[in-house]
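Below: one structure, written as structure tokens.
The values are calculated or read from the model by the stated rules, or taken from the named source; none is laboratory data. Owing to the predicted nature of the structure, the values given are computational and were not obtained by experimental measurement. Virtual Cβ from ideal backbone geometry, glycine too; neighbours counted across all protein chains shown. These accessible areas exclude ligands, DNA and RNA; they are computed on the full protein's heavy atoms, side chains included. Shrake-Rupley method; radii C 1.70, N 1.55, O 1.52, S 1.80 Å.
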Amino acid sequence: MRVLVLEDEPALRESLAQRLRGEGFVVDAAADGIEGEYAGREYPLDVAIVDLGLPGRSGLEVIRAWRDAGKSFPVLVLTARDRWQQKVEALQSGADDYVTKPFQFEEVLARVQALLRRSGGWSQSLQRCGEIELDTRSQQVTVAGAPVELTAFEYRLLEYLMLRAGQVVSKTELTEKLYEQDFERDSNVIEVFVGRLRRKLDPDGTRQPIETLRGRGYRMARD
Ligand code: CA
């Protein structure tokens with residue numbers, strides 16, 4: 001999952017980015033409204049965390065510009081405690097939820113995960129595709145009830161495919177969503193990871209939960 005952290009205070013921006021990376025997110029960070037608006041328009045984000053008081057362009061203006069441009073990824077706003085009007089205005093501008101500063105990282109994470117579940121049509125933290133179960137809260141994966149050990153990258157890949165079960169996902173989309181922007185983009189690497197994931201999910205090759213569509217990408221079986 002790819003998240004934008006738009007926050008001008010360096011220590012807060014860095015700590016949010018670092019902790020989100022630790023949770024397996026791909027993080028784009030921006031320090032002002034102009035850079036942030038650009039990132040939201042140009043990068044394939046799944047969710048954005050936006051501080052409202054920003055240099056260059058305010059958080060509200062950035063959110064309105066994204067919504068006017070047809071961007072529908074969920075937005076979590078960071079607001080000051082005593083500014084209730086700001087919260088209302090942010091929600092009216094197209095934000096989906098807010099967290100009041102100062103906050104605990106766990107609250108931001110829980111709200112981001114809730115927004116992602118809703119935007120992906122997931123109402124619960126436990127997702128199922130056939131015999132595969134994935135718990136977005138504990139990041140545990142089981143196949144037919146047996147735990148499967150995945151690396152952080154394999155988990156992100158599976159989560160992404162399961163979120164879009166039944167849909168074709170191209171290698172380009174996977175590369176953009178699962179790598180930081182400065183990583184070398186090589187779709188062969190995605191093939192290697194999909195291969196590894198398949199062997200872990202389906203060691204004897206009987207269920208084949210991830211279908212390859214030649215020249216188009218991959219599709220996770222719904223059930
Ligand atoms: Ca600020």
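What does the charge count near V141 come to, summing +1 for each Lys or Arg and -1 for each Asp or Glu among other residues with Cβ under 15 Å from its Cβ?
Result for the local shell: +1.
Spelling out what I want: for every residue of the range 164-172, take phi, set θ = phi - 60°, compute 6.51 cos²θ - 1.76 cosθ + 1.60 (Karplus), and round to whole Hz; glycine and proline get x.
Values, residue by residue: 10, 3, x, 9, 7, 10, 7, 4, 4 Hz.
Residue separation times 0.36 nm, minus the C-alpha to C-alpha distance between K71 and E211: what's the value?
47.5 nm
E14 to E106: FRET efficiency via 1/(1 + (r/R0)^6), r the Cβ-Cβ distance, R0 25 Å, to the nearest 0.05?
0.90
Treating the beta-carbon of each Lys and Arg as +1 and of each Asp and Glu as -1, no other charges, what is the dipole magnitude of the chain about its Cα centre, to the nearest 20 debye?
So the magnitude is around 700 debye.
Relative contact order for the range 97-208 using alpha-carbon pairs under 8 Å, separation at least 6, rounded to a whole percent?
About 17 percent, as a whole number.
Leaving out same-chain residues fewer than 8 places away, which lysines sit with a Cα under 28 Å from that of K177?
List returned: K71, K200.
On a straight-distance basis, which lysines could pair with K101 in a cross-link, Cα separation under 22 angstrom, same-chain partners fewer than 8 positions away excluded?
Hits, sequence-local ones excluded: K87.
In deg cm²/dmol, rounded to 500, what helix-only [θ] at 222 nm does the chain give when every DSSP H run of at least 4 residues adds -39500 (n - 2.57) and the total is split over its residues?
Computed mean residue ellipticity for the chain: -12500 deg cm²/dmol.
With every protein chain in place, what's the accessible area of K101 (1.4 Å probe, Å², nearest 10)?
That residue has around 50 Å² of solvent-accessible surface.
Measure nothing but the geometry: give the 0 to 90° angle between the long axis through the Cα atoms of 105-119 and the longest principal axis through the Cα atoms of the chain, rounded to 10°.
Long axis of 105-119 versus the principal axis of the chain: about 60 degrees.
Please list the radius of gyration and Dmax for the range 1-131, considering alpha-carbon atoms only, with Å as the unit.
Taking only Cα atoms of the range 1-131, I get Rg and Dmax of 14.1, 49 Å.
Just to be sure I understand: if I project the alpha-carbon convex hull of the chain onto a plane and average over all orientations, what area do I get in nm²?
Projected area, direction-averaged: 12.3 nm².
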